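The values are calculated or read from the model by the stated rules, or taken from the named source; none is laboratory data. Note that the structure is a prediction, hence the values are computed from the model and not measured. Please note: Cβ atoms are built from the backbone with ideal geometry, for glycine as well, and neighbour counts cover all protein chains shown.
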Amino acid sequence: MPIPEKWIKGAIEDAVEDCLAWPVAMTGTGEPPYVVYFREGTARELVLADTLDATPEPNQLPPVATFRLDIYADSHVQAWEIAEAIAAALNRFKGTVDGLTIDHCLLADERDGDAVRLEGREDPTYIVEQTYTISWQE
């Protein structure tokens, strides 16, 4: 069954040259820029198929998941430039990719994250956080 994580990874890496995307945690040895993405939760809602019937069958609406992207970069400006490129690729997307039908992908929130000091680096690394809601057909 296709899942949106595969689409997100490909869309990020296609949108930003030389920027890898990692699920859950950065597991490589590369330097910024890179993106870490993870699913914060998935809402699944049941509806009754036939409200006139005494024993209606439940149907499941398409899931709606919330994904967070943490964009790591060497400068504050670079982090926001990458965020803009990712938003241009993901926000308001709908379509079918590799067998996955996405009903909608919407940018719900974005903000500055805390700057961090990565191991072995003297200068801070800047973070922009983006939150997307994605609905897809299972």
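Quick notes on this structure:
- In the range 111-134, of all residues being among the acidic types (D, E) and within 18 Å of the chain's Cα centre (by Cα), the one that is nearest to P63 (Cα to Cα) corresponds to E129.
- In the range 36-48, the residues that are in contact (Cβ under 8 Å) with a residue 24 or more places away in the chain reach residues that are loosely packed, with under 11 Cβ neighbours inside 10 Å with C-beta atoms within less than 6 angstrom, at least six apart or across chains, in these pairs: F38/V24.
- Taken over the range 31-48, the residue count meeting the criterion of being at pLDDT below 85 and either surrounded by 12 or more Cβ atoms within 10 Å (Cβ to Cβ) or touching a Gly at 6+ places or on another chain (Cβ under 8 Å) (or both) is 1.
- Strands (runs of 3 or more DSSP E) wholly inside the range 77-138 containing at least 2 residues that are in contact with a helix residue (DSSP H, G or I) (Cβ under 6 Å, 6 or more places away or on another chain): 100-112, 126-136
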